[in-house]
């Protein structure tokens with residue numbers, strides 16, 4: 001079976017260097033990029049499925065020109081190839097534009113399942129996958145904790161996390177599945193995987209190669225604009241209690257009472 | 001009736017989801033500022049109960065029965081029906097909760113209406129004829145205020161941004177049916193499985209008691225649960241605790257888990273790594289118990305008890321019980 005995984009290079013959360021440029025857009029060149037954590041779960045889930053069912057995993061990403069460095073890491077996990085959509089006009093894209101570009105990029109590809117991570121660690125919107133499913137007319141199965149394709153019946157079953165447990169969803173393939181951490185820990189690339197990734201193909205496509213009306217995508221078409229940004233107010237100083245447990249507990253409880261929490 | 005629409009979600013038992021009551025309260029306040037009409041919309045197999053409950057918060061509610069919602073995934077179906085109504089009634093903005101259902105619906109609505117989405121609002125106000133939406137981005141390192149470039153948009157609002165408050169007079173409920181086939185594929189719900197020990201959604205909890213690696217094992221979560229019960233709160237956990245299989249993923253707080261904003265976050269045996277911090281740093285009060293005074297959490301907790309959590313946590317529990325006597 002063929003699985004396409006949408007991957008986003010995001011600023012490394014641990015880097016602390018994220019900043020907005022003069023245009024109030026993320027300065028993506030200023031920070032080291034990593035594969036979005038939820039996308040790694042999607043890649044892992046896809047690789048496990050092809051280990052069972054055979055087939056191939058392909059990656060698709062819309063990202064700035066330096067993305068291939070990050071995509072190589074994802075290829076090193078075991079994906080076969082990547083498509084990188086990049087164009088200066090795409091900077092400042094909103095979620096709708098991002099969905100349109102990714103949907104257009106995926107449209108020409110053959111796949112049984114399209115995977116996306118539940119959200120990204122930069123913007124954290126988590127709405128792009130649902131938009132892509134709507135644009136492509138694909139069944140949409142979100143917040144997956146388990147994915148079970150039936151290649152004979154050409155259907156897929158997903159355990160969708162619910163507030164009280166999970167719902168078992170079923171839809172015909174091809175379908176879009178949104179992946180979560182509950183699918184299992186992503187593998188570390190092996191040395192062999194890293195070597196192999198160097199020669200794997202990453203196809204670069206610009207906006208002109210993507211079948212989508214240029215007037216509806218990119219920064220200029222954005223439906224939203226960041227008007228202002230600031231650092232959150234610093235938290236007050238930490239009060240440290242080193243007394244023995246019983247004394248410490250008294251202080252904690254009276255602190256909670258002062259804060260009117262109890 | 002231009003103005004603001006609020007999507008009311010029905011919970012499994014047909015009642016109005018708590019988050020929808022919060023969003024409706026926010027919409028009513030915004031509507032007052034904007035001089036706008038506020039309308040609630042409920043799409044469900046049987047929308048009556050949730051619609052009646054939503055009418056306590058807003059002046060007018062459209063109750064849309066949709067039989068397919070009984071045994072199919074809700075968000076896409078409901079989005080199609082709401083988009084059809086929106087084309088007819090032309091609201092300016094649609095507000096909904098930033099929970100999984102709300103996110104799914106916002107993504108579909110955005111495509112169907114060709115409107116932009118501002119997500120995970122932590123605050124919202126009305127300026128220059130439209131909503132100004134505060135969001136916390138890059139794991140809470142930056143707070144941005146965003147606006148729509150046109151006259152329309154969809155906003156999802158995080159839990160606990162406002163306290164649900166009923167209006168002084170109840171609104172009216174109007175049953176509306178939307179005709180026509182559903183164009184987008186529906187996804188069948190084969191079964192709804194309730195897991196033993198399923199807890200209340202942690203995003204909505206006012207108090208969270210959370211355990212990390214320092215808890216040491218599944219048995220260690222007993223004291224976490226007892227403290228949470230005593231404080232009327234929910235149990236949370238770090239990824240380390242979830243990965244070790246000590247507690248369900250649904251309780252995980254942080255980068256690949258949930259983002260929470262409780263009044264009190266009591267962290268037991270949690271070092272406060274960045275991946276966890278991004279999920280809880282906007283809690284109003286953070287109290288931590290940790291053996292290591294140099295753990296990262298020492299930098300952002302309001303109160304840090306340096307000590308063994310298995311001594312300190314039971315002592316806090318005893319003190320709370322003595323107090324409530």
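The numbers here are math on the coordinates, done by the rules we state, and not lab data. Remember, it's a predicted structure, so these values are computed and weren't measured experimentally. Heads up, the Cβs are rebuilt from the backbone with ideal geometry, glycines too, and the neighbour counts pull from every protein chain shown.
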Using the Cα gyration tensor of the protein assembly as shown, the equivalent ellipsoid's semi-axes, largest first and to the nearest Å, work out to 36, 31, 24
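Counting only other chains, and only Cβ atoms inside 10 Å, what mean value do you get across the residues of B:309-319?
Mean shielding count: 5.
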Inverse of <1/r> over all distinct C-alpha pairs of chain A, i.e. the Kirkwood Rh in Å, gives 20.3
Over all viewing directions the Cα convex hull of the range B:1-93 casts an average projected area in nm² of 5.3
For peptide B:140-150, the mean count of other chain Cβ atoms within 10 Å per residue Cβ is 6
Taking a ≥ b ≥ c as the square roots of the eigenvalues of the Cα gyration tensor, with a/c under 1.5 meaning rounded and otherwise prolate when a/b exceeds b/c and oblate if not, the range B:202-324 is rounded
Taking every residue of B:253-265, the Cβ atoms of other protein chains inside 10 Å of its Cβ average out to 3
With -39,500 (n - 2.57) per DSSP H segment of 4 or more residues and division by the full residue count of the protein assembly as shown, the 222 nm estimate, nearest 500 deg cm²/dmol, is -8500 deg cm²/dmol
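Just order B:181-187, B:20-26, B:314-320 by mean Cβ neighbour count inside 10 Å, highest at the front, would you?
Ranking the peptides B:181-187, B:20-26, B:314-320 by packing returns B:20-26, B:314-320, B:181-187.
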Exposure proxy check on B:110, A:93: fewest-to-most Cβ neighbours within 10 Å is A:93, B:110
Of A:218, A:165, A:126, the most mobile residue in a GNM of chain A (C-alpha springs, cutoff 10 Å) is A:165
Ordered by fewest other Cβ atoms within 10 Å, a rough proxy for footprinting exposure, B:92, B:52 read B:52, B:92
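Going by average Cβ density within 10 Å per residue, which order do the peptides A:29-35, A:188-194 take, highest to lowest? Write out the running numbers ahead of the final one.
On the way: A:29-35: 16.7, A:188-194: 12.6.
Put in order of decreasing packing, that is A:29-35, A:188-194.
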Nearest 10, in degrees from 0 to 90: the angle of helix B:221-230 to the longest Cα principal axis of chain B is 60
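Within a 10 angstrom radius of the beta carbon, how do B:280, B:105, A:1 rank from fewest other beta carbons to most?
Least to most surrounded, the residues fall as A:1, B:280, B:105.
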